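As structure tokens, the structure follows; a few thoughts come after it.
The values are calculated or read from the model by the stated rules, or taken from the named source; none is laboratory data. As the structure is a computational prediction, the values presented were derived from the model and not from experiment. Methodologically, a virtual Cβ is constructed for each residue, glycine included, from the backbone with ideal geometry; neighbour enumeration extends over all protein chains shown.
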Amino acid sequence: MKIVSAQEMQGIDTQAIEKLKIPSIVLMENAGYGVLQVIEKEYFPPRGRSITIFSGPGNNGGDGMVVARHLFNRGARVRVLLLTEKSKIRGDAAINLEIILNMGIPLEQLLSPRHVRNLKQKLASQDLLIDALLGTGSKGAPRGLIRETVHLINELEIPTLSVDLPTGVDTDTGQVEGEAVQADCTVTFAHPKRGFYLYPGMDYTGRIVVVDIGIPKDLGVEEIKCHLITSKDSPKQLFYRKPSSHKGSFGHVLVLAGSEGMTGAASLAALASLRMGAGLVTLGIPRSLNQILEIKLTEVMTLPLDETPEKTLSLEAFGKIRELAQKSRAVAVGPGISTNNSTKELVKRLVAELEVPMILDADGISAFTADISLLRQRRAPLIITPHPGEMGQLLEVPTDRIQIDRLGAATTLAKETGKVVILKGARTIISDREGEVWINPTGNPGMASAGTGDVLTGIIGGLLAQEIPPFSSARTGVYLHGLAGDIAATNGEELTLVALDIIKSLPEAIRRVRSEYS
């Protein structure tokens, strides 16, 4: 599903009006009527209900006036609170303002912060508030009357519907400077907006409903490179196996992970690869830790390797690793592997010389914080899976800057390295060297616990072993990982969710996605 920026949506609107000759007032009419339909479906029949619409000075306010007219015609007790002087309204909004005034719909101008604050008692008995203050083109924190009104709406704690987007949420980044409307439902037009699926914006939108306002779905979307992952983006070949299949049909994953005190990370990654459907999984582990993993794991094979005095993988293990990697379809490197200098040199050599598709995660990423050009030089497929802190180290910027523009960070690293990048975190983002970027809608706060990233690495390794292309493996793996986490949280509690719960819930996640193809 395509997700648009404010500029992209403006371009689509312009094409609809200038190229297709759809009058802009028709688009405004369709938008307002679409909001009415959502109110009737998501809330209640309007007749007899008390509804207040906060209309801003632009086209978003005009949309609100169309909503007011349709609610009035449905028998609602509706009023419009206009945050400017009537004489300052222009264009299509001015036409709709004149219509509601001629219809006798109550309208009050809010011209001072004190006026806004005095409304609290007056509005306390309303059934629904409608935020039509600012549209997708607005930037920065709400100011003046708009800021006071946003605060009032949130203070009233009455069900609130936002028109196009919650006022105060940045359309492109989801950032909130100051205060934003806390909506129960956001009705947006033609296409969903980027900020709806990025935090903190996701916390303000409530239910997201996309309304068709008469713009053809394919108009102006060819160059749009931002997408929302859906279950339909998983490859069909993953869910159908020939009766004659054997374990060799589904590939061998070599997981290189673990160090003293970090055997759990290694175990989780290996188990996840196997659960994702790989035919064989071998876990390469420091020699002195092999017995622990032999006891801990049943279906996974182990490979004891040369180690450092600190019980981490040594550069001396390279030859044995290369020998097994040549028989594997995927190599996963990093979970719990440590930042030992010898281990870092091993990781660098593995990335440089192994020709099998690879996932680089966790401590494995730290080997490249001083020089990402080494990642660019790798010829074979590589998927890099940093969390925001690791991404900041790779790009040499503070973590908070990564979080402010997660889309930009992911696309920057993907373009600079030429590799597939997965920026983990709330609303994981995937990007490729061409700047295509996908936002994952699955997952929940319960997954913010140790080991969940190791599980993701293993899942992607299992997909690569089944010859799913790297970008598709990244996208499918992230979606299934989050969905399994959502299932685990539903079956238990977000509070108690642990990484192993995700592995246990993966079969149900796969069943749900596969059912989309049946």
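Any idea which of Arg69, Arg114, Arg47 is within 24 Å of Gly144 (Cβ to Cβ) and either in a loop (DSSP other than H, G, I, E, B) or in the same structural domain as Arg147 (by TED's automatic domain parsing) (or both)? Can you show your working first?
On the way: Arg69 fails: within 24 Å of Gly144 (Cβ to Cβ); Arg47 fails: within 24 Å of Gly144 (Cβ to Cβ).
That would be Arg114, the only listed residue that is within 24 Å of Gly144 (Cβ to Cβ) and either in a loop (DSSP other than H, G, I, E, B) or in the same structural domain as Arg147 (by TED's automatic domain parsing) (or both).
Within the group Ser125, Ser87, which residue is within 38 Å of the chain's Cα centre (by Cα) and at pLDDT 95 or above?
Working: Ser87 fails: within 38 Å of the chain's Cα centre (by Cα).
Going through Ser125, Ser87 in turn, the sole match is Ser125.
Every residue, every condition in (1) surrounded by fewer than 18 Cβ atoms within 10 Å (Cβ to Cβ); (2) within 17 Å of the chain's Cα centre (by Cα), yes or no:
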position: Cys185; (1), (2): no, no
position: Lys193; (1), (2): no, yes
position: His227; (1), (2): yes, yes
position: Tyr240; (1), (2): yes, no
position: Pro243; (1), (2): yes, no
position: Ser249; (1), (2): yes, no
position: Val253; (1), (2): no, no
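Answer with yes or no whether Leu293 is within 25 Å of Gln466 (Cα to Cα), assigned by TED's automatic domain parsing to the domain that holds Thr417 and surrounded by fewer than 20 Cβ atoms within 10 Å (Cβ to Cβ).
In short, no.
Only one residue in Gly364, Gly336, Gly408 is in a helix (DSSP H, G or I), of a type in the set (Gly, Ala, Ser) and within 23 Å of Leu271 (Cβ to Cβ), so which one is that?
On the way: Gly336 fails: in a helix (DSSP H, G or I); Gly408 fails: within 23 Å of Leu271 (Cβ to Cβ).
Within the list Gly364, Gly336, Gly408, the selection yields Gly364.
Here is a yes/no grid of residues against (1) crowded, with 22+ Cβ neighbours inside 10 Å; (2) within 31 Å of the chain's Cα centre (by Cα):
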| site | (1), (2) |
| --- | --- |
| Lys41 | no, yes |
| Thr52 | yes, no |
| Asn60 | yes, yes |
| Ala94 | no, no |
| Glu98 | no, no |
| Leu107 | no, no |
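Restricting to region 3-35, what's the tally of residues that are of a type in the set (Val, Ile, Thr) and assigned to a loop (DSSP other than H, G, I, E, B)? Give the derivation first.
At the first step, the residues of region 3-35 found to be of a type in the set (Val, Ile, Thr) are 3-4, 12, 14, 17, 22, 25-26, 35.
Narrowing the set further to residues that are assigned to a loop (DSSP other than H, G, I, E, B) leaves 3, 22.
Count: 2.
Go through (1) of a type in the set (Val, Ile, Thr); (2) assigned to a loop (DSSP other than H, G, I, E, B); (3) surrounded by fewer than 24 Cβ atoms within 10 Å (Cβ to Cβ) and name the single condition Thr136 misses.
Here Thr136 clears every test but (3).
If Asp218 meets every condition in (1) assigned to a strand (DSSP E or B); (2) farther than 14 Å from Leu134 by Cβ apart from one, which number is that one?
Only one criterion is unmet by Asp218, namely (1).
Just a yes or no: is a residue in region 36-43 touching a helix residue (DSSP H, G or I) at 6+ places or on another chain (Cβ under 9 Å), part of a loop (DSSP other than H, G, I, E, B) and on the phi < 0 side of the Ramachandran plot?
no
Of Pro445, Pro441, Pro398, which residue is of a type outside the set (Asp, Glu) and free of Cβ contacts under 8 Å to residues at least 40 places away in the same chain?
Values: Pro445 fails: free of Cβ contacts under 8 Å to residues at least 40 places away in the same chain; Pro441 fails: free of Cβ contacts under 8 Å to residues at least 40 places away in the same chain.
Going through Pro445, Pro441, Pro398 in turn, the sole match is Pro398.
Kindly establish whether Asp454 is surrounded by fewer than 23 Cβ atoms within 10 Å (Cβ to Cβ) and acidic (Asp, Glu). Reasoning before the result, please.
Values: surrounded by fewer than 23 Cβ atoms within 10 Å (Cβ to Cβ): no; acidic (Asp, Glu): yes.
When the stated conditions are applied, Asp454 does not pass them.
Does Lys327 qualify as being under 36 Å from the mean Cα position of the chain (by Cα) and assigned by TED's automatic domain parsing to the domain that holds Asp501?
Working: under 36 Å from the mean Cα position of the chain (by Cα): yes; assigned by TED's automatic domain parsing to the domain that holds Asp501: yes.
Spelling it out, Lys327 is indeed under 36 Å from the mean Cα position of the chain (by Cα) and assigned by TED's automatic domain parsing to the domain that holds Asp501.
When you look at Leu129, is it crowded, with 20+ Cβ neighbours inside 10 Å, in the same structural domain as Cys185 (by TED's automatic domain parsing), of a type in the set (A, V, I, L, M) and assigned to a helix (DSSP H, G or I), yes or no?
Numbers: crowded, with 20+ Cβ neighbours inside 10 Å: yes; in the same structural domain as Cys185 (by TED's automatic domain parsing): yes; of a type in the set (A, V, I, L, M): yes; assigned to a helix (DSSP H, G or I): no.
Taking the combined requirement at face value, the residue does not satisfy it.
Take Ile158 and decide whether it is of a type in the set (Val, Ile, Thr) and in contact (Cβ under 8 Å) with a residue 60 or more places away in the chain.
Numbers: of a type in the set (Val, Ile, Thr): yes; in contact (Cβ under 8 Å) with a residue 60 or more places away in the chain: no.
So Ile158 does not fit the description; no.
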